[in-house]
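Student: The structure follows.
The values are calculated or read from the model by the stated rules, or taken from the named source; none is laboratory data. Just so it is clear, the structure is predicted and the values come from calculations on it, not from any experiment. Cβ placement follows ideal geometry from the backbone for every residue including glycine, while neighbour counts extend to all protein chains displayed. When the accessible area is computed, the model is the full protein with side chains, heavy atoms only, and any ligands, DNA or RNA have been set aside. Shrake-Rupley method; radii C 1.70, N 1.55, O 1.52, S 1.80 Å.
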Amino acid sequence: MDKLVIKGGQTLLGSVKVSGAKNSAIALIPATLLSDTSSVLDNVPRIRDVFIYLEILKNMGVKYTFNQNQLIIDPNGLHSFPSPHLANQLRASYYLMGVMLAKFRHAVVRSPGGCEIGLRPIDQHLKGFRAMGAKVQFKDNSYHLTATHLHGAHIYLDEVSVGATMNIMLAATLAEGLTIIENAAKEPEVIDLAVLLNTMGALIKGAGTDTIRIKGVKKLHGCHHTVIPDRLEAGTFMIAAAATKGKVTIGQIIPKHLEPLSAKLREMGVTIQEKDESIIVTGHPKYTPVDVKTLPYPGFPTDLQPLFTILLTQAEGTSLVSEHVHLSRFSHIPPLMKMGANIRLEGRTAIIHGPTTLIGTDLYTEDLRTAAALVIAALIAKEETTITGWRQIERGYEQFLLKLQSLGVEI
Ligand code: EPZ
């Protein structure tokens, strides 16, 4: 059952609606625990990372109902730290450090797991907590954090980190005094978390810029919030439409969040029409090569780099892709080369010569975005491709196969 068989030479046609953002939802869900009263989240994607988070919370005594895409969380029964076994399955369990530290001045959280995309330290999260008065110890594979007096602090992040920015925001909401995060991440998901926390009664200013100011408050209350659309899911369909030379309307999105990708697609010769809440992508027979450098938002997103690389194998000439966020995020290159792609890896840069006719073969992956990338590669390849490990896709994409099928694809 873990094998996906895809016939090559297919074209995406039609329209698709994008679900709520994974990387928002997995921060907003733990954030609701900062209150003692229930919160309602709409547009929550039904994906495996969300289900794992809910399993972690259930184990901690939290009650919830999850109907369609509405999640109601009642944090009243919260009685313990996350189980190490469950926390280990989900990288975003690290947000429970900030939440528990803020709420109980004490947290024990297992060292986070996640996708295989190289070393992913959390030193900047810990630097922030320490600056706020927390003592941090690492024992039995878990982080133990304690703060008798959790206070505001002026924190300069050495890396622009989404996780560290959000984790420090979570802790700072209930700390005493003012916290200032400098060199903060500007991702739309950071803004989404700030909007949720402010609706809960927090005092956060500057989210979306590189300086965020959080004035601690005594208490937060439950709220009603709608998760923003998943720009990475939207980007996946945009790239798939261009690569298969199809025409797809991608709806229920915020086009502005896709600008770094839309600009590169246009540069290659893809037609992009932006509407208020949708984008129409029209592919063409020939593409111009482009160079891409991944950077924190509003730079080109690292999460779309493996997918964009597939598209570049179809451009006429040489393209360069440099990875500047997760330095060893290249697990898609060996399977692509197995399909016949002409790619050379030099340090953090992939040099891609195109156009290449990819040939279907047996592939394997353990990474979410690589799995999505290989599906696109399989769609444009000659003959049949088998992907083992494709279920990684279910960690981050809601009904991916069904959505592809609705665009005319046979899987
Ligand atoms: C989030 O990871 C996402 N994950 C990732 O999405 C995404 O690739 C990444 O942000 C960048 O956009 C979640 O939201 C759970 P970072 P995160 O902290 O927060 C270095 C996907 O495919 N760094 O912004 O863990 C780090 O090594 C996933 O959906 C430190 O050095 O990423 C990396 O090079 C994969 N020390 C860079 O910063 C730290 O303390 C950015 O990482 C923290 C990070």
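Student: Return the pairs, sorted by first residue and then second, in which the second residue is open to solvent by 10 Å² or more (accessible area, probe 1.4 Å) and of a type in the set (Val, Ile, Thr), the first residue lies in segment 129-157 and is more than 23 Å from residue 88 (Cβ to Cβ) and in contact (Cβ under 8 Å) with a residue 24 or more places away in the chain, the beta carbons are less than 6 Å apart, and the residues are 6+ apart or on different chains.
Tutor: From residues that are more than 23 Å from residue 88 (Cβ to Cβ) and in contact (Cβ under 8 Å) with a residue 24 or more places away in the chain, the pairs are 154/180.
Student: Out of the residues in segment 17-69 meeting the condition of being among the polar types (S, T, N, Q) and on the phi > 0 side of the Ramachandran plot, tell me which one is farthest from the ligand (Cβ to nearest atom). Full working, then the answer.
Tutor: The first filter runs over segment 17-69 and keeps only residues among the polar types (S, T, N, Q), leaving 19, 23-24, 32, 35, 37-39, 43, 59, 65, 67-69.
Subsequent filtering for residues that are on the phi > 0 side of the Ramachandran plot retains 43, 68.
On the way: 43: 17, 68: 23 Å.
Among those that are among the polar types (S, T, N, Q) and on the phi > 0 side of the Ramachandran plot, it is 68.
Student: For segment 132-162, name all the residues that are within 14 Å of the ligand (Cβ to nearest atom) and either under 18 Å from residue 206 (Cβ atoms) or of a type in the set (S, T, N, Q) (or both).
Tutor: Within segment 132-162, 155, 156, 157, 160, 161, 162 qualify.
Student: Is it the case that segment 310-329 has a residue that's at pLDDT below 95, within 16 Å of the ligand (Cβ to nearest atom), within 19 Å of residue 232 (Cβ to Cβ) and of a type outside the set (D, E, K, R)?
Tutor: yes
Student: Any chance segment 371-382 includes a residue that's small (Gly, Ala, Ser), closer than 28 Å to residue 52 by Cβ and more than 15 Å from the ligand (Cβ to nearest atom)?
Tutor: The answer is yes, given that some residue of segment 371-382 is small (Gly, Ala, Ser), closer than 28 Å to residue 52 by Cβ and more than 15 Å from the ligand (Cβ to nearest atom).
Every residue, every condition in (1) farther than 20 Å from residue 25 by Cα; (2) modelled with pLDDT under 90, yes or no:
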position	(1), (2)
87	no, no
91	no, no
97	no, no
100	no, no
109	no, no
113	no, yes
119	yes, yes
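Student: In addition: What do you reckon, is residue 348 within 14 Å of the ligand (Cβ to nearest atom), over 30 Å from residue 47 (Cα atoms) and under 24 Å from the mean Cα position of the chain (by Cα)?
Tutor: Taking the combined requirement at face value, the residue satisfies it.
Student: With (1) of a type outside the set (S, T, N, Q); (2) away from the ligand (no atom under 14 Å from the Cβ); (3) closer than 18 Å to residue 3 by Cα as the list, and residue 332 as the residue in question, which single condition is left unmet?
Tutor: (2)
Student: Could you name every one of the strands (runs of 3 or more DSSP E) located completely within segment 1-84 that has at least 1 residues being farther than 15 Å from residue 397 by Cβ and in contact (Cβ under 8 Å) with a residue 24 or more places away in the chain?
Tutor: The qualifying strands (runs of 3 or more DSSP E) are 3-7, 13-17, 39-42, 70-74.
Student: Exactly one of these conditions fails for residue 201: (1) farther than 17 Å from residue 99 by Cβ; (2) in a loop (DSSP other than H, G, I, E, B). Give me its number.
Tutor: (1)
Student: Give me the residue from segment 165-190 that is under 14 Å from the mean Cα position of the chain (by Cα) and of a type in the set (A, V, I, L, M) and, out of that set, farthest from residue 302 (Cα to Cα).
Tutor: 166
Student: Another one. Going by the conditions given, is residue 347 more than 21 Å from residue 229 (Cβ to Cβ) and not basic (Lys, Arg)?
Tutor: yes
Student: Does residue 82 qualify as being crowded, with 20+ Cβ neighbours inside 10 Å, touching a Gly at 6+ places or on another chain (Cβ under 9 Å) and not assigned by TED's automatic domain parsing to the domain that holds residue 368? Let's see the steps before the verdict.
Tutor: Working: crowded, with 20+ Cβ neighbours inside 10 Å: yes; touching a Gly at 6+ places or on another chain (Cβ under 9 Å): no; not assigned by TED's automatic domain parsing to the domain that holds residue 368: yes.
No, not satisfied.
Student: Starting from segment 230-258, take each residue that is in contact (Cβ under 8 Å) with a residue 40 or more places away in the chain and list its partners that are among the charged types (D, E, K, R) and part of a strand (DSSP E or B), counting only C-beta distances under 9 angstrom and pairs at least six apart or across chains.
Tutor: Short answer, once both residue conditions are applied: 241/247; 250/17; 251/17; 252/17; 253/17.
Student: Please enumerate the residues belonging to segment 166-199 that are open to solvent by less than 10 Å² (accessible area, probe 1.4 Å), more than 21 Å from residue 253 (Cα to Cα) and either more than 8 Å from the ligand (Cβ to nearest atom) or charged (D, E, K, R) (or both).
Tutor: Once the filter is applied, which keeps residues that are open to solvent by less than 10 Å² (accessible area, probe 1.4 Å), more than 21 Å from residue 253 (Cα to Cα) and either more than 8 Å from the ligand (Cβ to nearest atom) or charged (D, E, K, R) (or both), segment 166-199 yields 167, 168, 169, 170, 171, 172, 173, 175, 179, 181, 184, 197.
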